[in-house]
1. Within the stretch A:67-89, can you find the residues that are assigned to a loop (DSSP other than H, G, I, E, B) and over 21 Å from A:VAL255 (Cα atoms)?
2. Is it the case that C:GLY127 is without any contact (Cβ under 8 Å) to a residue 60 or more places away in the chain and more than 9 Å from chain D (Cβ to nearest Cβ)?
3. Please enumerate the residues belonging to the stretch C:225-257 that are facing chain D (nearest Cβ under 9 Å) and either of a type in the set (Val, Ile, Thr) or on the phi > 0 side of the Ramachandran plot (or both).
4. Can you confirm whether D:SER61 is of a type in the set (S, T, N, Q), within 20 Å of the chain's Cα centre (by Cα) and either under 24 Å from C:GLU311 (Cβ atoms) or within 14 Å of chain C (Cβ to nearest Cβ) (or both)?
5. Can you tell me how many residues in the stretch C:261-311 are under 21 Å from C:LYS118 (Cβ atoms) and within 14 Å of chain D (Cβ to nearest Cβ)?
6. For the stretch A:158-205, how many residues are among the acidic types (Asp, Glu), closer than 20 Å to A:ALA99 by Cβ and within 12 Å of another protein chain (Cβ to nearest Cβ)?
7. Against the condition away from every other protein chain (no Cβ under 14 Å) and either without any contact (Cβ under 8 Å) to a residue 60 or more places away in the chain or assigned to a loop (DSSP other than H, G, I, E, B) (or both), how does A:GLN140 come out, does it pass?
8. Please specify each residue of the stretch A:148-202 satisfying the condition of being more than 24 Å from A:ALA111 (Cβ to Cβ) and of a type in the set (Val, Ile, Thr).
Protein chains: 4
Amino acid sequence: MIIVLKPEASEREIDHVLDRLRELGLKSHISTGEERTIIGVIGDDRILQNQPLTAFPGVESVTPILAPWKLVSREFKRDNTVIDIGGVKIGGKKLVIMAGPCAVEKIEVTAGIAHDVKASGAGILRGGAYKPRTSPYSFQGVGREGLDYLLEAKRQTGLPIVSEILDTRDIELFLQKVDIIQIGARNMQNFELLKEVGAYDKPVLLKRGLSSTIKEFLLSAEYIMSRGNRNVILCERGIRTFETQYRNTLDLAAVPSLKELSHLPVIVDPSHATGKWQLVAPMAKAAVAAGADGLLIEVHSNPECALCDGEESIKPTKFKELMHDLKKIAEGVGREI
Amino acid sequence: MIIVLKPEASEREIDHVLDRLRELGLKSHISTGEERTIIGVIGDDRILQNQPLTAFPGVESVTPILAPWKLVSREFKRDNTVIDIGGVKIGGKKLVIMAGPCAVEKIEVTAGIAHDVKASGAGILRGGAYKPRTSPYSFQGVGREGLDYLLEAKRQTGLPIVSEILDTRDIELFLQKVDIIQIGARNMQNFELLKEVGAYDKPVLLKRGLSSTIKEFLLSAEYIMSRGNRNVILCERGIRTFETQYRNTLDLAAVPSLKELSHLPVIVDPSHATGKWQLVAPMAKAAVAAGADGLLIEVHSNPECALCDGEESIKPTKFKELMHDLKKIAEGVGREI
Amino acid sequence: MIIVLKPEASEREIDHVLDRLRELGLKSHISTGEERTIIGVIGDDRILQNQPLTAFPGVESVTPILAPWKLVSREFKRDNTVIDIGGVKIGGKKLVIMAGPCAVEKIEVTAGIAHDVKASGAGILRGGAYKPRTSPYSFQGVGREGLDYLLEAKRQTGLPIVSEILDTRDIELFLQKVDIIQIGARNMQNFELLKEVGAYDKPVLLKRGLSSTIKEFLLSAEYIMSRGNRNVILCERGIRTFETQYRNTLDLAAVPSLKELSHLPVIVDPSHATGKWQLVAPMAKAAVAAGADGLLIEVHSNPECALCDGEESIKPTKFKELMHDLKKIAEGVGREI
Amino acid sequence: MIIVLKPEASEREIDHVLDRLRELGLKSHISTGEERTIIGVIGDDRILQNQPLTAFPGVESVTPILAPWKLVSREFKRDNTVIDIGGVKIGGKKLVIMAGPCAVEKIEVTAGIAHDVKASGAGILRGGAYKPRTSPYSFQGVGREGLDYLLEAKRQTGLPIVSEILDTRDIELFLQKVDIIQIGARNMQNFELLKEVGAYDKPVLLKRGLSSTIKEFLLSAEYIMSRGNRNVILCERGIRTFETQYRNTLDLAAVPSLKELSHLPVIVDPSHATGKWQLVAPMAKAAVAAGADGLLIEVHSNPECALCDGEESIKPTKFKELMHDLKKIAEGVGREI
C-alpha cells in the first residue's frame, strides 16, 4: 500500500501514521520527494482494508498495491478451474451452451424446449422458476413447482439444470432440485445470499451486477469461495451505461480480463445483455471469439407468448443455426462445441 | 401505449398485433402516416407490461405512455405523505436529520455519539449492526447485539433508531427492535426483501440503488406499498458514474424530480454519496437547498478508529457547526430544522 | 411524434398545442384515454425538431417516432455503401485492416512498420501526425511533416493512408496528403469540423465519441453527408463507463446495431478501446465475429519507445499472428480477409 | 510515480526498467515485498507522462503520485483567482449571475431579455450566436450578426457579454466583440481551440465535457493557462449518466472538489444540466449552497417560441423570483448576490 502525504503534512502527522502502521505489525518505508512524502507499506495490504487511513490528518491518498482477493486469483491457482456437472465440463476446451426459456411456464413447453435445445447441442437447460422483476405488477414466476417442471425436463432429456435463487430461505429447495444455483445480477451484492450458497459445494453461476466493476465481481465470487464453495462460474451479462439502443452494454473485454485475473470459468449471456433477439447471434459469436467458456441463451418456442423477456428469446430453429455457426468460430479460437 | 410498425410491416402482421390487443380487451387506434403506421392503445397500459410486443413480426418499437407505478404517484395521492416516528415527523415542514456512526461498535461509543447528535438537533439515530461490505475480508458488523446497543442509546436519549436489514430471515428481529428499517442501495432490487418489509407497517427507509434510474427506484417503493406498507421514505445516496474523484455522484436533481412524481418523503445521504468527509457539509447544504425533507449523516467521535467508512464520517463538533449552518439554508427555502 | 398531455391539462391548453401544429402545417390526431389525452402528429417529425413543445403548458412529454436522420439510414439506401480507396474496398465482403503506429515519429520507423503490416495483409496504413492529448504536457505529434512521412511510406508500400485532422484550418493540407481523413472521438461533435469535411468527397473515418449514443453518432455522420460527402466510415472505439479495468468499454453490440440502422461501413478500433495490448487480439477477433467491416489496429516495432500509447500497441510479429487467426473467424462469419 | 512489478518479473526485466529511469534522469527506490516488488520514482512524474512504462515486460501497473497539472492547482496559487470583467468580479465574495437566451434570435428580443435580467440583478448577459446542435437539421444559430445583437444589448444595458465560439477561424471576431469567450461542453477537448484562446488574455468560460472527469476538466483548463491566458472560469453543467429523467446529471460535488484542487472560479449551469425549466430553480439554489461562484441561467421571454432549448428556459418573472430566493441561500453560505 502506498500512502501519499499532503505537501503541508507536519512531522507529527507523519509520525502518527507511522505509529499506527507499527501497531498493526506492518513495516514501512519513507521516500521524501521534492513535492510529496510517500510511505510504502510492506506486508499484507489486506490488514489495512479496515483502516480508514484517509481519515488521518495529513494523508492525501491511499493506493492499494495488491488485489483485494485471494482464492479467485490466478496467483492462488494457476490452472483453469473445470467444474463437472454430471459429466458436462465447464471451463475446459469444450464450450458449454446453457439454453432454455427465460421463465418456466408450463411443463409441456419447458420439456419441448429442452428437447429442442438438446438436439442442437446445448449441454445444460436454463429456466427461471422465481423471477426478479423490476415492477411488482410483472409476472413473478411460477415459483416452487417451476423447479419440478425443470426436473421433469431433465428426466426426459438428461440435461442438468440451472435456475435462479432469490431468497436465502429457499436454499434447501435449490440444493435438492437444481444442478447449478444461479445468483442474478441484482443479487450480486446480496452478501447474505452469497454467504449462504458459499456454505455448500453446489456449483454457483454468479452473474455480474448491472453496475459492478470487475473488482467487485471478483470480490463477490471471493465471498462464495471464502465460505468453502470452490465451484463458481462467472457470467458477464452486460453493464449499465448511457446507451439506450439496447438494454445493457455487453462488456466483452471482461472475458479475457477475468480469465487473466482468475482461474474460474467465464460464460456470457448475450440475451439479457442486449434485450433484443436480433443481437443474440452476433453477440454470441463475438463472445466465443473473445474467449468465453460458454454461453447462456434464451430460447423459446413461441416468444410472442413468453411471459417474460419474449423480446430477447430466439426460436429453436434460430438456435440450431446459431449452434452451427458457433462451431466455426470455436474452431477459430482453438475450442470445440 | 404507442406501437410503431416497421415501414415494411405487412397487413397480416398488423392484423396479428391488433388481434392480440383485442384478446387482451384493449381498444386500439391506427394512424397511417407517410413513413410509418402507428397503433395507439387505449386503456390500462399496465396490462401490456407482460406482453413482449416487440417480439411480434413487423413491430419496430413500443413506447409506454403511463408511468408503470400507481401507489407511489402524486396522481394517486396529491398531498405529501408525512410519516410519524414517535413524534418525529418525516415529510413535513421541519427537516429531519438522521445521524450516527456508519457501523455500531461498542455500546459506550454508540451512546456517546447519540448524546452528541441529539444535542446538536438530530431527530433520529442511525447505525449499522449488519454491514454489507464489498469484500468478505472487511468488518461485517457486530450483528444482533448491535441492535441492542442502539436500543440502549435510544433509551438514554429518546432518539428513534434506523438500521439496515440484509436478510429476509431477520425480519422479526428488526420489527421488534428498530423504528425504521433501512434497505440499502445494494438491496434496492432484492425483491424478496422488499416484499417482506411490505407486509408490515413498520416505516422503511429505501435507498436508491447504485445504478438505479428514478423509475426503478419508484418501482421498488411500489413493491413495498403494493404489499400494504404505506410508510416509505426515499433516500438519494449517489449513483455510479465514470467519475472517480468521489465514491459516487450525488444526483440532487433526483430530489425535486422525486417530489414531483411521488408523494413520499425524500431524504439525502451526503456521506455515502461522496465517501469524503470534506464534501459532507457542502453537499448537505445543497441537498436542503434542493428541497430534501431530511438528511442521513455519518458522525463518529473518532473517525480514525471507525471500523467502517471512517473516511466519510464527520466529528460531533463539525456536525454541530453544520446543523447551525443548515438552519439558514432551511429558512431560505421555507423550511425549519 | 406523440404528445402526451398532463392529466390536468385544460381544453385551452390542448387547443393551444393544436393551433401550433396547424400553423406548422401538420395534421394531428387526438386520442382521449381514461388517464391521459394523447396527440399523434402525422407528417414529417423533423419539422418539430426546433419546437420546444415541452415548454407548452399542459404538455407532459413528447416522443418522436421517426429517426432524426435520413441520409445515413437503411431506409434511404438499402444496399451497403462500399467505399473504394485506390482499389481497397471498405464495406464489401473482404474485411479491411488499417494498421500502423499511434503517432508518426521518424520516417524510418514509420516506413518500417508500413512494410511489416503490409506483409501481414493490412490494406491501409494508419498514423497520427497531429495528436489530441488530454494533457498539454504530453507529446502533441510531429505535425505537418508527419503527413510527409506517411506519404513516403505510402510511396514505398502502396498502402493508402488515414490520419487524424484536428483543426478546420488544416483541411487543404489533409485533402492533398491523405486518402482518408480521420475525425477522432473527441471531435465527433466538433460540428464545424464535420461541416468542413462534409464539403468535399474525400473519405472520412468518423470515430464514435467517448460518451456518444448510437443516435448522436449517426447524426454526426448525417452532418457530413448532408453537406454532400457520401464517403463516411463509422468506427466504434469504446465508450466511457464506470469500469476502470480497461481504458474504455468496447461496445460491440454497436456493430450489428449500426449495420441494421445504416448502410455505412462499420469498423472497430480494439487498441484505443482497451488501452491494453493484451486485449487487442481477443477484441479484434470478437469484432470480426460481431460483423465488423474492418479493424483499426496500432502496431509499433518498439512499443517501449513509442511516444504515444505504447501500452496498447502490438508488435509486428504479434500482428502477423493475429492476421492469421482472424482469417478463420472471418470465414466463420462468411467474410474474407 | 509507483511502478508495481509482476510477481514473475525477472531481475533482467527489473534492471531494464531501472535503466530507463536512469536515462531519464530520475532517481528510483526499490521495495521488495513478499508478494510484489515496487519501484518508487523520485523527481518530477511529469517527465514520465510520455513513457509507456506498462509496455515494459514485467510491469504490472503504474500509478502516478502527483497531479498532472500545475498552473490550475491550489499548490501553484493559494488564493482564489478573481477575474474582473469591466467591474464585474468573478470569483470574489459576490456571486455572478450570467443570464440570457440560449440562442440569440432577434435584436429586440435579445435586448428585451437583457433589460429584464439586469433589472433582477444579473451581472452578465449570455447568448449563443453560433449553436452546436446534435442534428444538422436543427437551428444552427444566426451566426456573426448574433454577436452584434449582443453588443447592442450591451450598449443599452451595460452588461458584459459571454458567447460561445465553435471554430478556431472565428477567434478574431470573438476577441473583438465579446467580453468572455465560452468553450462549450462538446469542445472541452477540442485542443486546437483551447490553444487558440490560450494565446490571448480574453477571459474564457470553459464548460465541463459531457463525460469528462474532474482531472480531464482541469487538464483542459491547463491547456489554456499553459499558453499564457490566466483568466479561466470553470463551469459544471451536468455529466452523462444512465439516468434519462433529465438531460444530464448535475454533479454538484464537483463544485467543492474543483475549489479544493484549483484556484479558478467555478460556476454552475443548471439549465443545460437538467434540460427542464422546472428543475432550474432548485438546482440553482443547490449550486449556491454547494459553494459555486456564480450561475449561468437561460432566460427567455417566450420559451414556447425559443428556437433553441425553450424547454429549459425560465421566464423573466420566474428569474426575478429566483434571484430573490437566491439571496437568502447566498447569505446562508457567507456570500452576496
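1. A:GLY86, A:GLY87
2. Here the answer is yes, as C:GLY127 does meet what is asked.
3. C:ILE239, the sole residue that qualifies.
4. no
5. Result for the stretch C:261-311: 10.
6. Residues meeting the conditions: 1.
7. No; evaluated as a whole, the condition is false for this residue.
8. Selection gives A:THR168, A:ILE171, A:ILE183, A:VAL197.
The values are calculated or read from the model by the stated rules, or taken from the named source; none is laboratory data. Being a predicted model, the structure only gives us computed values, none of them experimental. Using ideal geometry, Cβ is built from the backbone for each residue, glycine included, and neighbour counts are taken over all protein chains shown.
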